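Single-structure report; data block below.
The values are calculated or read from the model by the stated rules, or taken from the named source; none is laboratory data. Source: prediction; values computed, not measured. A quick note on method: Cβ atoms are made from the backbone with ideal geometry, for glycine too, and the neighbour counts reach across all protein chains shown.
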Amino acid sequence: MRKQELSEILTRIKNDEISVEEAVSRIAAEPVTDLGFAKLDHHRELRKGLPEVIYCEGKHRDMIRPIVESLLANNTGNILLTRASDEVFEEVCAVFPEAEYRKEARFIVIRREESKSGGKIVVVTGGTADIPVAEEACIVAELTGNRVERLYDVGVAGVHRLISRTEIFRDASVIVAVAGMEGALASIVGGLVDCPVIAVPTSIGYGANLGGLSALLGMLNSCAMGVAVVNIDNGFGAGYIANLINRASVAKESA
């Protein structure tokens, strides 16, 4: 159930178009489907504005199809599958040929609506190897209705590449800074802008990077104001948080 659907039910009660009992029946419809191996939360879109997202890594491909079918039957928003392999896409596409595969980000989308919230999110990376995580953030932000601009491979090894493009940040509501190695990009961006910066450490780097731990600790220790940090390689989380910040900014401007 979505907010729009709930509003329509309440409006119909107000207009005496349906009974209270019928409305209660519709609202109280079982919000969870138990598939045995998964319990799907169909009211998540009502609470969060986005249906439950399917994290594919670690799931057998035979589990994916019934999860997708249940989500499609109980939600009307876009269905998202993260960390999806080619094999998972083949499984999904065999039943849902409209599915799109963003291979670089390992992201599957079954698009059912287009939404726009206005405002701009900038996603910036330290290096080219950080792009898959950045693209995950971009896709989530775009599918939740945001305008996204990309600025890739502008890390501290050649910081002039970033400094020469600072105009891209001018009207941004929020910036997502994605970097591995030592993770210094987030601090530099945070020192240049007056909007929130979401730092995403990646597992890109040599041995002492420790699978992204060095970048994570570097970002957590940033001295730049307005920098918040998500988990290693969590492009999805960064994209969704950026969407929330952008929506709040747009709502404030419209009030």
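Only residues that are modelled with pLDDT of 85 or more and under 30 Å from Pro66 (Cβ atoms) were counted in the range 111-138, giving 6.
For the structure I just gave you, tell me whether Ser214 is out of contact with any His (no Cβ under 9 Å at 6 or more places or on another chain) and free of Cβ contacts under 8 Å to residues at least 24 places away in the same chain. Answer is no for this residue.
Quickly run through the range 11-21 and pick out the residues that are part of a helix (DSSP H, G or I), surrounded by 12 or more Cβ atoms within 10 Å (Cβ to Cβ) and not charged (D, E, K, R). The one that is part of a helix (DSSP H, G or I), surrounded by 12 or more Cβ atoms within 10 Å (Cβ to Cβ) and not charged (D, E, K, R): Ile13. Filtering the range 198-211 to residues that are within 23 Å of the chain's Cα centre (by Cα) and either surrounded by fewer than 14 Cβ atoms within 10 Å (Cβ to Cβ) or within 15 Å of Gly155 (Cβ to Cβ) (or both) leaves Ala199, Val200, Pro201, Thr202, Ile204. Scanning the range 84-97 for residues that are more than 19 Å from Glu57 (Cβ to Cβ) and either in a loop (DSSP other than H, G, I, E, B) or under 16 Å from the mean Cα position of the chain (by Cα) (or both) turns up Phe96, Pro97.
From the list Val250, Val178, the lone residue that is at pLDDT 90 or above, within 20 Å of the chain's Cα centre (by Cα) and on the phi < 0 side of the Ramachandran plot is Val178. With respect to the conditions (1) among the hydrophobic types (A, V, I, L, M, F, W, C); (2) crowded, with 21+ Cβ neighbours inside 10 Å; (3) within 26 Å of Lys103 (Cα to Cα), Met219 lacks only one, and its number is (3). Screening the range 98-212 for helices (runs of 4 or more DSSP H) wholly inside it with 3 or more residues that are closer than 27 Å to Leu81 by Cβ returns the ranges 131-143. Just give me the residues in the range 67-97 being at pLDDT 85 or above and exposed (fewer than 13 other Cβ atoms within 10 Å of the Cβ), in sequence order. Asp86, Glu87, Glu90, Pro97, listed by residue number.
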